[in-house]
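The values are calculated or read from the model by the stated rules, or taken from the named source; none is laboratory data. Keep in mind that what you see is a predicted model, and the values were worked out from it rather than measured. Here the Cβ positions follow ideal geometry from the backbone for every residue, glycine too, while neighbour counts run over all protein chains shown. Remember, those area values only see protein heavy atoms, side chains included, never the ligands or the DNA or RNA. Shrake-Rupley method; radii C 1.70, N 1.55, O 1.52, S 1.80 Å.
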Amino acid sequence: MAASSRAQVLRLYRALLRESQRFSSYNYRTYAIRRIRDAFRENKNIKDSEKIEELVNKAKANLEVIHRQV
């Protein structure tokens, strides 16, 4: 993975975790954080740039959903 892609993914990961911390309900908050961590761990070994781009776009969409719900 290129350094810029890696940095982009890390920024997105931190943004998702930060935004999830804003859920008022403990259950929603812990579920969201657990799902984010599990998803990133599950996909950490992917090397295909197209697949990475697809996952980044999906994560961005999820960030927007979390932002609206909070």
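Residues of the range 55-69 that are open to solvent by 60 Å² or more (accessible area, probe 1.4 Å) and not polar (S, T, N, Q): K58, K60, E64, H67, R68. Give the residues of the range 1-41 that are among the hydrophobic types (A, V, I, L, M, F, W, C) and under 14 Å from the mean Cα position of the chain (by Cα), sorted by residue number. Matches in the range 1-41: A7, V9, L10, L12, A15, L16, L17, A32, I33, I36, A39, F40.
Residue-wise test of (1) polar (S, T, N, Q); (2) modelled with pLDDT under 95.
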site: R11; (1), (2): no, no
site: Q21; (1), (2): yes, no
site: N27; (1), (2): yes, no
site: I33; (1), (2): no, no
site: R37; (1), (2): no, no
site: F40; (1), (2): no, no
site: I46; (1), (2): no, yes
site: I52; (1), (2): no, yes
site: N62; (1), (2): yes, no
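Taking the range 22-54 as the region of interest, how many residues are surrounded by 12 or more Cβ atoms within 10 Å (Cβ to Cβ), out of contact with any Lys or Arg (no Cβ under 7 Å at 6 or more places or on another chain) and not in a helix (DSSP H, G or I)? Qualifying residue count for the region: 3. Screening R11 with (1) in contact with a helix residue (DSSP H, G or I) (Cβ under 9 Å, 6 or more places away or on another chain); (2) open to solvent by 100 Å² or more (accessible area, probe 1.4 Å); (3) assigned to a helix (DSSP H, G or I) gives one miss only, at (1). Applying the condition of being small (G, A, S) and touching a helix residue (DSSP H, G or I) at 6+ places or on another chain (Cβ under 8 Å) to the range 40-64 and asking which residue is farthest from L10 (Cα to Cα) yields S49.
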